[in-house]
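The numbers here are math on the coordinates, done by the rules we state, and not lab data. Every value quoted in this text rests on a predicted model; they were computed, and no experiment measured them. Cβ sites come from the backbone with ideal geometry, for glycine too, and all protein chains shown count toward neighbours.
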Amino acid sequence: MLKKTTLALLLATSVTACSSGEPSAGDIKSALEEMLNEANSAADEMVGDFGGGDLMDQYKVEIRDVEKLSCNSASESSGFVCDVKVTSFSEFTGEQSAASSIRLVESDDGWEIIQ
């Protein structure tokens, strides 16, 4: 009986240790894409009034990959501060990669980037 209890305790501890509550790379990518979609929509509305919709297509940014380098609980506020490497593409700039730190909080709708 002691062996079964010890095994159950070890399993419960390992499952809890694997779930840190921090966003995954996929969560971060989704949050970045949501932010970009909002920015692209706003730009389309502004330029669309001047007939430049096709011109804006070359400036739209596509997130190709997100690599989560590290995530830590935000020390002075809620959420997590994550170091990420993002690979993006636009017709205007081509493919680019850049590393950055971003703060994310979890809401009912998923992870959101706080600026």
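Annotations
- Sum of side-chain charges, Ala39 neighbourhood, beta-carbon under 12 Å (Lys, Arg +1; Asp, Glu -1): -4
- Taking every Cα-Cα distance in region 23-114 and sorting them into 5 Å bins from zero, the calculated P(r) comes out as 3, 14, 20, 21, 16, 12, 8, 4, 1, 0 percent.
- Here the simple spin-label model places points 7 Å from the Cα toward Cβ, and for Ala39 and Ser77 these points are separated by 1.8 nm.
- Cβ-placed point charges (K, R +1; D, E -1), dipole of region 31-115 about Cα centre in debye, nearest 20: 440
- Theoretical FRET efficiency, 1/(1+(r/R0)^6), r = Cβ-Cβ of Ile113 and Glu91, R0 22 Å, to 0.05: 0.35
- Of the peptides 79-90, 96-107, 60-71, the order by per-residue mean of other Cβ atoms within 10 Å, starting with the highest, comes out as 79-90, 60-71, 96-107.
- Here the extension length gained between Ser100 and Met56 equals 13.3 nm, from 0.36 nm per residue of separation less the Cα-Cα distance.
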